[in-house]
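Encoded as C-alpha cells, the structure appears first; notes follow it.
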Amino acid sequence: MMNLFKLYFLSLILVFILNNNALFCKQNKYTISGNIVDSTNAQNISGATVRLDRTGFGAIANRNGEFTLSQLPQGNYTLICSMIGYETKKISLANLDSNIHLMILLNPKIFKTEDIIISANRRLQNIQEVTSSSLVLSQNEFINNSQLNFEQVLKKVPGLEVYDENVSIRGSDGFDFGLGTRTLMMIDGIPLLSGDNGDMKFDFVPVTEIERVEVVKGEGSALYGTSAIGGVINLVSSDIKTDWHCFVSTFSGIYTKPRYQEWDYSNSLTTKNTIQAGFSNGSGKFSAILSGNVSKDEGYRSYNDSKDFGLFAKMKYAFSEASDLNMYIIQNATNQADWVYWNSLDSATKPHANTNTSIRLQSNKALVALLYNQILSNNTFLNFKSSLFYTQFYNTYPTNAADYRQSDAFQNFNDMQITTSFGNYTLTSGLSFSNNNVNSLSYGLRNQKIFAMYSQIESKFNSNLITTLGLRYDYEKVLTANSNAEFSPKFGLNYKVNDNLNLRASVGKGFRAPSISERFANISYQGFSVQENLNLKPETSIGGEVGFSYHNEDFFLPFETDVSGFINNFQNLIEATFSSQDYSVIMFQNATSARITGVDLSLNFLLQKNLFLNIATTYIDPIDLTLHQTLKYRSKFSAKTSIDYSYSIFSFDLSYRYSSKVENIDEQIMLQIKDAQSRVPIHVVDCSLSANLAKFVNTNLQVSFNVYNLLDYYYTYMPGNLGPTRLLGLSLNWKI
Amino acid sequence: MKNYLIFFLILMFFTSCDSGLKPEISQTSYVNGVIHYINPIKDWPPADSLKDLRVVAFKHFPPTNVVQEVLQGNAYYTMQTLPFFVDSSNFSLEIKDAPVELKYIAVVQQFGGLLDWRVVGLYSQTKDSATYLLVENGKTYFIDITVDFNNLPKQPF
C-alpha cells in the first residue's frame, strides 16, 4: 500500500516539474498593478479579487482599491477581476513584456451570479463554472443578523437543515445523537471535525473572522474524502489587512417569556450576549490578525445555559510575491449544561425529571495549522496544509459514575496539493494523510489513520463547455477494527448556453468512514446507553444531479433562478439503532440502504429598486429501501423565503423558514422520551432592521435590531427538544 | 404584480403559522405507590435476565403484550427502569387523559428480547385477580404492589 502512495507522490512531482519551466529557465519578471473603482461613483472598491486565469497568481485589492501582481513571466494572460455585487471583468493581456498599471472599472450588478468559489474544485473559479450546486454567503450578508453564530448563518442556506451542531444537506443527516456528520466543515480547506466524534464545532471559529461561507452540495468525496458524502462547508477566513485595522462586534439579546405559563421556568428574562473584538496589522512581509470572543447564553430552557471563550490568531509571512506561509492558532473553551431532552410536553422547557442539574459539560478545542502557498510558475502552484486539532470534553460526574463521559482527541491532518494548467486542461492532484488519536474513558485508546490520493482534471473544450473528471482513493486503518479502502470517482459537465443560461450535471460517489465514537462508544447518559460496534463499515453514496441557472435582468421583473434535480443512493447507511433486547440501548449499525431523490429551486426577484424577493424550496423523497418506509428524522419539504429592502442608510430583512413535519421517528424513542411523538411543521419568521451610521460617525459602524422567531412559534427540532423561542437582539459592528 | 407578490408573501408569513406546539391543557392524575420485593436479593433473577423492570397500567384486559399496548397508547408506564436488587422502590405513573379505568396494573420484567416480558407483581386484592382502579381527573392515588419472584402471578400474555 505505501508503495502505491510513493509511486503516486513521485508521479505528482514529475508532472509539475515537466510543466514548470520556471525551475529551469531564468526569465524576466514583470508586474501588473492597478486600481479598482466603481464605474458609477468612482469610489475605490476594496476586497475585490484579481487573478490571472489558469495560473496561480492572484491578489485582493486593499482598502484603497489597489492591487499588485508581481514576478510574472512574459506571456499572454487573461486578468479576471471580481467582486460580490459587481459584474466580473475579464481583460486580455497579450504578450506581457513590461510592467503595466490598469484602471479597472466595475459595473454594479443586480444578482450574485458571478461569485467566486474555491471549495468546489479546490481552486478559485467562477461559481458559474462548477458542476455541482454551490452557494456563497459573504460576510455582509450575515454579520448583522447571525447572533455572531454559524448555526444561524447556515440556517439561511437553502437545502440545509441545521440544528444543534448538526447539518443535513438535502436530507443527508437525520438524528445522530451528535456522533458523526455527513457534511465536511473546514476553515480555508482545513477540516474542523473532531477526531473522536467526527462532529462539527460551530462555536469554534468566530463569525467576524470569516469573509465568506462556501457550501457545495452533493458528494464531495472525490476531492475531500470521508465525511464529504453529503457536501462541504468551507469557511474562508478574512484576508489579513497589512495596515492597522480593528473591529468590535457585539450581540445582546433577550428571550421573551413563553406564551404558556406551564413553560415559564424562570422569574426573570434570560439573555444571550456575545462580543468579538480584534485587530490586524502588518509590517513588511509579516502581517497578523488577533481576536478574542466571549459569549454567555442563559438559554430559553432551564438547564440549557452555556459560556464560551475563544481566541483566534492568523499570521502570514510572505517569503516573496510567489510564496507565503499562513499560520492559524484557534482556541475555544465552553462550559455548558448537559441538556438532552425535555421532561414532557407540559414542561417542555425543563429537563427530564432524573436529570442531575448540577452536572456541567466542559469542552476545550484548539487548532494549530500551517498553510503554505507557492506559485511555481505562471501555470503551476502548490499548497501544503498541516494541522493539529485537539478536542476535549468531559462532564463533572465522578469518574467512576456510570454517566461519566470524557474524551481527548488529536487529529493530525496533512495535505499537499499541486494545481497545474496546460493547454485547455487544469490538473489538480494531491496526497492527504490524517491521523486520529483518541484517549477516552468513553471510547478507549484508539487510533484511526486515513491515507488518500486524489486527482481531478478539468477540460475546457471550447469557451462554453467544461468537463471535470476526478478520482480519489482512501485507505483507512483502524486499530482493533477492520481496515477499509474506497475509490470515489466523480464526473461533471458545465455548459454555458449563453450569458444568461448555464447547464450543469454531475455524477459521483461519496463515502464516510465511521467515527471513533460510532465504532467504540461505550457510554451511558440520561437514560440512554450506547454500545460499541467493531464491525461497522464505511457508508457509501452514489448520486448525481442535473441543474441549470438562469438570470434575466431585462425581464419586467428582473430575476435569477437555479434549479437542480438530484438522486443519492446510500449503502450501509450508519444509523443509531435501538437494540432489540433493550430499547434504551443504542448501537451504530450499517442499518439500511436508502435513496433520496429531490429538487432544489431558488428564485430571486428584483421587485423594484432595492427591493428583493428570494424564494428557495427543497423537496426530497427519502426512502428507506430496507424497511420500505420514509427514512427517519427527515422533513420532505422545506422552504426559505425573504424580502430584503434598503433605503438610504437603512436595510430591512424579513425571512421565513418552513420545514414539513418529520414523518417517521424511532418508535422505541417514545418509550424513553415522554411526548417524543409531539412534532409539528416548522414555521420561523425572523426580521432585521439595520442602519449604517458611517456617514454620521466617520467610521464604519452598523447597528441592527433583530427579532428571531418573531411569531414565537413552538416546534421541536428533534424528539423531546423545543426549538428556540422568540429572541429580541441588538447587534453592533464597528470597524476602523 | 409586485404588490401581489409582496401581499402573497406577507399572507404566507402570517396565515401559515399557528402557534405550534402547546402544553396539553388537562389536569394530570397520578398513580403513585411502593413496590415491595419479598425475596432476599440472592433470590432475585440473575442480572443477565433483568433487562428492564417497569410498572405498567393497562386500559384493557387481557393485554396483548407490553410493547404493543404501550405503542398503541393503551397503557401507562414508568419512564425509567425500576432499581434492581432492592427491598422496595417507589414509582409514579402520570395520567393525562383521566377519567380512565385501569384494568390491569402490574410490575413487568423484560427478561430477553424486546417482546420478552413477564408479569412479576400485580396490583391485586386477591392473588391472580387484578383489581380495577378508576382514575378521576386531577386526583392522586396510592397503591402497593408486592413482588415474589418465586411465585409469579398468572401470566395474561
- Cα-based Rg and Dmax for segment A:321-410, in Å, come out at 21.9, 67
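Which FRET efficiency value, to the nearest 0.05, do you get for A:ASN64 and A:SER358 by plugging their Cβ-Cβ distance into 1/(1 + (r/R0)^6) with R0 = 45 Å? If you can, show how the numbers build up before the last one.
On the way: r = 57 Å, r/R0 = 1.26.
Once the sixth-power term is evaluated, E becomes 0.20.
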- Only counting protein heavy atoms at a 1.4 Å probe, give the residues of segment A:327-353, ordered by number, whose accessible area falls by 30 Å² or more when the other protein chains are present relative to the chain alone. A:LEU345, A:ASP346
- Message: Where in chain A is the longest stretch that carries no chymotrypsin sites (Phe, Trp or Tyr not before Pro) classed as loop by DSSP and with at most 12 other Cβ atoms within 10 Å?
- Response: A:25-243
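Would you calculate a helix-derived [θ] at 222 nm for chain A, using -39,500 (n - 2.57) for each DSSP H run of n ≥ 4 and dividing by the full residue count, to the nearest 500?
On the way: 7 runs with 43 residues, N = 736.
One gets -1500 deg cm²/dmol as the mean residue ellipticity at 222 nm.
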- Item | Debye log10 I(q)/I(0) at q = 0.08, 0.09, 0.10, 0.11 Å⁻¹ for the protein assembly as shown, Cα point scatterers | -0.78, -0.97, -1.17, -1.40
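Can you compute the FRET efficiency between A:ASP243 and B:GLN125 using 1/(1 + (r/R0)^6), with r the Cβ-Cβ distance and R0 = 60 Å? Round to the nearest 0.05. Numbers along the way, then the final one.
Details: r = 88 Å, r/R0 = 1.47.
It comes to 0.10.
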- Task: Nearest 100 Å² is fine: how much accessible area is buried between B and A, summed over both sides, with a 1.4 Å probe?
- Result: 3500 Å²
- For segment B:27-147, which semi-axes, largest first and in whole Å, follow from the square roots of 5 times the eigenvalues of its Cα gyration tensor? 23, 16, 13
- Task: Please compute P(r) over all alpha-carbon pairs of segment A:445-574, binned at 10 Å starting from zero, and give each bin as a whole-number percent.
- Result: 11, 27, 24, 18, 13, 6, 1
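Can you figure out the FRET efficiency of A:LEU269 with A:THR399, using R₀ = 41 Å and their beta-carbon distance, to the nearest 0.05?
Values: r = 37 Å, r/R0 = 0.91.
For A:LEU269 and A:THR399, the calculated efficiency is 0.65.
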- In degrees between 0 and 90, to the nearest 10, how far off the longest principal axis of chain A does helix A:2-18 point, with axes built from Cα atoms? 30 degrees
- How about segment B:45-90: which of its residues lose at least 30 Å² of accessible area in the presence of all protein chains relative to their chain isolated, using a 1.4 Å probe? B:LYS51, B:ARG54, B:LEU71, B:TYR77, B:MET79, B:GLN80
- Query: With the other protein chains left in place, how much accessible area per residue, in square angstrom, belongs to segment B:17-91 at a 1.4 angstrom probe?
  - Reply: 47 Å²
- Message: With the crude spin-label approximation of a point 7 Å out along Cα→Cβ, what separation in nm comes out for A:LEU388 versus B:LYS103?
- Response: 6.9 nm
- Query: Tilt of helix B:2-15 relative to the longest C-alpha principal axis of chain B, in degrees (0 to 90, nearest 10)?
  - Reply: 20 degrees
- Query: Regarding segment A:101-231, what are the three Cα extents along the principal axes, ordered largest first, in Å?
  - Reply: 54, 34, 26
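With the other protein chains left in place, how much accessible area per residue, in square angstrom, belongs to segment A:116-735 at a 1.4 angstrom probe? It would help to have the intermediate numbers written out before the result.
Working: 21950 Å² over 620 residues.
The answer is 35 Å² per residue.
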- Go through segment A:600-617 and flag every residue whose accessible area shrinks by 50 Å² or more with all protein chains in place compared to the isolated chain (probe 1.4 Å). A:LEU607
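Leaving ligands, DNA and RNA out of it, report the carbon-plus-sulfur percent of the accessible area of the protein assembly as shown at a 1.4 Å probe.
Numbers: 20190 of 36030 Å².
C and S fraction of accessible area: 56 percent.
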- Message: How far apart, in nanometres, would the label points at A:LYS449 and A:ASN76 be if each is projected 7 angstrom from Cα along the Cα-to-Cβ direction?
- Response: 4.8 nm
- Item | Inter-site label distance for A:VAL294 and A:THR630 at 7 Å from Cα along Cβ, in nm | 4.7 nm
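The values are calculated or read from the model by the stated rules, or taken from the named source; none is laboratory data. Keep in mind the model is a prediction, meaning the values are calculated, not measured. Note: ideal-geometry Cβ built from the backbone for every residue, glycine included; neighbour counts use all protein chains shown. These area figures cover heavy atoms from the full protein model, side chains too; ligands, DNA and RNA do not enter into them. Shrake-Rupley method; radii C 1.70, N 1.55, O 1.52, S 1.80 Å.
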